[in-house]
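Here is the structure we will look at, set down as structure tokens.
The values are calculated or read from the model by the stated rules, or taken from the named source; none is laboratory data. Just so it is clear, the structure is predicted and the values come from calculations on it, not from any experiment. When we count neighbours, we look across all protein chains shown, and the Cβ atoms used for this are built from the backbone with ideal geometry, even at glycine.
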Amino acid sequence: MQISITRTTTPKSMPAEDKLGFGRVFSDHMFIMEWEYGKGWDNARIVPFDKIPLHPASTVLHYGAEIFEGLKAYRREDGGVQLFRPIENVRRMNRSAERMCLPTIDEADAIQVLTEFVKMEEKWVPHSFGTSLYLRPFMFGNDESLGVHMPHHVTFMIIASPSGSYYAEGINPVKIMIEDEDVRAVRGGTGYAKCGGNYAASTRAGERAAQKGYTQVLWLDGVERKYIEEVGAMNVMFKIGDEIVTPALTGSILPGITRMSCIEALRDMGYTVNERLLPVDELVTAMEEGRLKEAWGCGTAAVVSPIGQLCYKNKEYTVGGGKIGEVTQKLYDTLTGIQWGKREDPYGWVYAL
């Protein structure tokens, strides 16, 4: 793929790494290309970061024809930069695109685009452990028409944001409320796709939980309101006795790349990991009987996020004494060690630039 490059004439400076936060500061450039029905992808380019013009009737504004991805570029101690399993992000993006009637991108072209864009923005990859350059590829339909149909004009972009450490003040277990009213997604819907509508629909329950003092919600399935699905915008795992359980991918759960990596690493460590349906009643019984030893969310932003308390129907249960558990800590150390190049990568997950 030919990529044209226009460099900014007004380069910005990186803020202090302890002031970065998440998604507030953006690098100097962005990647753009367009797709047209019958013609395919064209005009791939890296240009100065700027606002984008949108027609008021643009498909994305009215019908939510949009998908996105999230991955990070990490700075190693030797100064080099690497990505973590980017091919899996590309594959998931293409699955999301297929579900939302958007065009897919050739895997090799997508990796080339990511690589060249990160090389262009390499100065924006921070150096401190725990910090990273967050990459946000996204795609949206932008037909200039109010007709409801598969988009015939689509834009694909990548923007980048240097991000601070998720655990700048240490890993503190969070309080989670099990949501039994709103649902995030249903089987046959868009739950497995990474599209904005899933996140918009989840906001109300998250706000209600926050008002009650909880960090996020633990979702139940959208059909029977019986089975555990995700926690907030993350996948979730539980250590019940000697078994580690994570909800099976039934079509309403996002197939997380961190989730996949956790399962592979845990099995390599010798743990029994089962992907299965997990009824909320089974989880409550395990809490009441003291068999729930650990619980954690897993996702790109936090890697793992330990759960120290769960609330269901106004009854609160403490998990693991309210502290990060042994397995959760092992996972965090293993994955972050590989991502930032502090540990050997026996799986071939790292993609060095």
Can you pull out the residues in segment 130-148 that are touching a helix residue (DSSP H, G or I) at 6+ places or on another chain (Cβ under 6 Å), closer than 27 Å to GLY341 by Cα and outside any strand (DSSP E or B)? THR131
So, in segment 13-57, how many residues would count as being among the charged types (D, E, K, R) and under 30 Å from GLY170 (Cα atoms)? 4
For segment 183-204, state whether one or more residues are among the aromatic types (Phe, Trp, Tyr) and farther than 22 Å from ARG92 by Cα. no
Conditions (1) part of a strand (DSSP E or B); (2) over 30 Å from GLY325 (Cβ atoms); number of the one not met by PRO151: (1)
List the number of the failed condition for LYS239; all other conditions in (1) of a type outside the set (Gly, Ala, Ser); (2) touching a helix residue (DSSP H, G or I) at 6+ places or on another chain (Cβ under 6 Å); (3) over 18 Å from PRO173 (Cα atoms) hold. (3)
Given the criterion assigned to a loop (DSSP other than H, G, I, E, B), under 21 Å from the mean Cα position of the chain (by Cα) and of a type in the set (D, E, K, R), identify the matching residue among ARG204, ARG187. ARG187
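Yes or no, residue by residue, for (1) in the same structural domain as ARG45 (by TED's automatic domain parsing); (2) modelled with pLDDT of 95 or more; (3) more than 29 Å from SER27 (Cβ to Cβ):
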residue: THR104; (1), (2), (3): yes, yes, no
residue: ASP143; (1), (2), (3): yes, yes, yes
residue: MET150; (1), (2), (3): yes, yes, yes
residue: VAL154; (1), (2), (3): yes, yes, no
residue: ASP182; (1), (2), (3): no, yes, yes
residue: ARG208; (1), (2), (3): no, yes, yes
residue: LYS212; (1), (2), (3): no, yes, yes
Looking at (1) at pLDDT below 95; (2) of a type outside the set (Asp, Glu); (3) under 28 Å from LEU114 (Cβ atoms), which one does LYS194 not meet, given that it meets all the others? (1)
Filter result for MET30 (assigned to a strand (DSSP E or B) and under 26 Å from ARG95 (Cα atoms)): yes
Applying the selection to segment 196-252, what residues are charged (D, E, K, R), under 21 Å from ALA302 (Cα atoms) and surrounded by fewer than 22 Cβ atoms within 10 Å (Cβ to Cβ)? GLU207
Quick one: in segment 83-140, which of the residues that are under 20 Å from VAL154 (Cβ atoms) and aromatic (Phe, Trp, Tyr) is surrounded by the fewest Cβ atoms within 10 Å (Cβ to Cβ)? PHE138
Going through segment 213-235 in order, the residues found to be over 12 Å from GLU181 (Cα atoms) and outside any strand (DSSP E or B) are GLY213, TYR214, THR215, GLY232, ALA233
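Okay, residues lined up against (1) touching an Asp or Glu at 6+ places or on another chain (Cβ under 8 Å); (2) surrounded by fewer than 17 Cβ atoms within 10 Å (Cβ to Cβ); (3) β-branched (Val, Ile, Thr):
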site	(1), (2), (3)
THR258	no, no, yes
SER261	no, no, no
LEU266	no, no, no
GLY290	no, yes, no
LYS293	no, no, no
So in segment 155-171, with the set limited to residues that are assigned to a loop (DSSP other than H, G, I, E, B) and in contact (Cβ under 8 Å) with a residue 12 or more places away in the chain, which one is surrounded by the fewest Cβ atoms within 10 Å (Cβ to Cβ)? ALA168
Return yes when LYS72 is basic (Lys, Arg), touching a residue at least 60 places away in the same chain (Cβ under 8 Å) and touching a Leu at 6+ places or on another chain (Cβ under 9 Å) and no when it is not. yes
